[in-house]
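Structure, as structure tokens:
The values are calculated or read from the model by the stated rules, or taken from the named source; none is laboratory data. Predicted, not measured: the structure shown is a model, and the values here were computed from it. Cβ: placed from backbone, ideal geometry, glycine included. Neighbour counts: every protein chain shown. Surface areas here come from the heavy atoms of the whole protein model, side chains and all, with no ligands, DNA or RNA. Shrake-Rupley method; radii C 1.70, N 1.55, O 1.52, S 1.80 Å.
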Amino acid sequence: MKPEPIIQHLKTEIGSKNMISALSLSSIKAKKELEAKQMSHVRHHDTLPTEAFNETDMRLVWDKFAQRLTKQNKRLMATYMQMNDPILNGSTITLELPNESTKEEFLSGYNELLGYLRGKLHNHDITIQVIVNEVTETKYAFTPIEKYERLKGINPSLELLQRLFDLDV
């Protein structure tokens, strides 16, 4: 190939791309046109769905998302979601976490969860409120007496059975 056709080919390719200098008035105009085009695709908050839902529906979608995270090997976020049951108050979902570090980790996946909930429940007014309650800690029962006391707290009639049949703990 001769050098002149290659140069001519490059000139036509460059000319066909409509290259604009970033400092020119036409670049400012092009930028404004692009912003206007993007804004036409954005839905305004007034047009987004806000269907009513109940706590049962919310918990089903919440648990389904946690299962999805587990399958994607994002077990940490799924664990945080399942630490405590979320509580629904209007369109605000409240989740209680044990400390600030878990709250920060939870907030890293917050947007994905919020988008999923809003989409599945067809309500874009949903918000998630995270409360840190450092007093709440899970108490594990290790000894037989601790296990008995824990079960007795769940079902007080267990003490009646223990006394009735004279059972050892």
Quiz item: Which residues, taken from the stretch 105-122, are open to solvent by less than 60 Å² (accessible area, probe 1.4 Å) and modelled with pLDDT of 90 or more?
Solution: PHE106, LEU113, LEU114, GLY115, TYR116, LEU117, GLY119, LEU121
Quiz item: Listed residues LEU60, LEU48; which is surrounded by fewer than 18 Cβ atoms within 10 Å (Cβ to Cβ) and in contact (Cβ under 8 Å) with a residue 60 or more places away in the chain?
Solution: LEU48
Practice problem: Please state which one of LEU158, LEU95 is surrounded by 12 or more Cβ atoms within 10 Å (Cβ to Cβ) and at pLDDT below 90. | Solution: LEU158
Quiz item: Yes or no: THR102 surrounded by 12 or more Cβ atoms within 10 Å (Cβ to Cβ), free of Cβ contacts under 8 Å to residues at least 40 places away in the same chain and not in a strand (DSSP E or B)?
Solution: yes
Quiz item: Residues of the stretch 74-99 being more than 21 Å from GLU55 (Cα to Cα) and either touching a residue at least 60 places away in the same chain (Cβ under 8 Å) or of a type in the set (D, E, K, R) (or both), which ones?
Solution: LYS74, ARG75
Quiz item: Is it the case that some residue within the stretch 147-154 is at pLDDT below 90, within 19 Å of GLN82 (Cα to Cα) and of a type in the set (Lys, Arg)?
Solution: no
Quiz item: Among (1) in a helix (DSSP H, G or I); (2) within 30 Å of ASP168 (Cα to Cα); (3) open to solvent by 90 Å² or more (accessible area, probe 1.4 Å), which single condition is GLU146 missing?
Solution: (3)
Quiz item: Since ASN84 meets every condition but one in (1) at pLDDT below 90; (2) open to solvent by 60 Å² or more (accessible area, probe 1.4 Å); (3) closer than 22 Å to PHE106 by Cα, which condition does it not meet?
Solution: (2)
